[in-house]
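The block underneath contains the structure these notes are about, expressed in structure tokens.
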Amino acid sequence: MTDAHVPDLEHMRLGDIAVRWPGSTAIMRRHGLDFCCGGDKLLSEALGQAGVGLDQIKTELMALDQSAPRDYPQTPAALIDHILARYHETHRRELPELIALADKVERVHAAHAEVPAGLAAALRLMLQELETHMMKEEAVLFPMMRTGAHPSIAHPVARMRLEHDDHGERLREIEGLYRGGALPADACGSWRALSAGVKKLADDLMQHIHLENNVLFPQFATELPAQPICPGMIDRT
């Protein structure tokens, strides 16, 4: 990649950067830049909050292999199938095991000063919220998208975006409870497995939300209203 391929980078949205350059999501995740729920934020604004320099991000983006294929399909139907198989099924399979590990670690190491107390409860709530959210997508939004344009598609899309924001808040709470992956020297195998699992959950969920917010939903932009819907007018239950 040359400078010509990174025009006015600081004025690009994080979500657009994530879509444009395969591999950029790992860079942004490493620097604490929220490209999924915060995908509408300009890079300049996000960098100011994260304390990361533009030159550093630009250098890392320029080092990416632009010949690398994207790891997701482009058409709505194929992308929906990918999201269902890669993320919906994965969350349903892996979160219960993480909850069991967190319960075990909190019980066995209750007296440890660094035990991630409250992590199991936060993960359990995450699973409940995700399950409700995914069922809405599977029952309402995705079938609408598979059949093409719908005048009323703006409302379920707006609702899902708001729930994605909620998932982002829950994820920040979970990452705080597990201390960003920092482990004590005497951490047992279950504790280490829990930490690795939570990191994978965070990576998966951010990519999941990114694909919906920044890749799938914009393909139906012509169906969305010109003005944003007031959050107070949307049923989030």
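Per residue, region 178-219 exposes 35 Å² of accessible surface when a 1.4 Å probe is rolled over the protein heavy atoms with every protein chain present. Result for the chain in a Gaussian network model with C-alpha springs under 10 Å: among PRO156, PRO184, PRO73, the largest mean-square fluctuation is at PRO184.
If you sort the three axes of the alpha carbon gyration tensor as a ≥ b ≥ c, you get a/c of 1.5 or more for region 47-145 and a/b no higher than b/c, which makes it oblate.
Solvent-accessible surface of region 31-167, taken per residue with a 1.4 Å probe and all protein chains present: 48 Å². Of the solvent-accessible surface of the chain, computed with a 1.4 Å probe and all protein chains present, 57% belongs to carbon and sulfur.
The values are calculated or read from the model by the stated rules, or taken from the named source; none is laboratory data. Remember, predicted model here, so these are calculated numbers, not experimental data. Note: accessible area is taken over every heavy atom of the protein model, side chains too, but ligands, DNA and RNA are not part of it. Shrake-Rupley method; radii C 1.70, N 1.55, O 1.52, S 1.80 Å.
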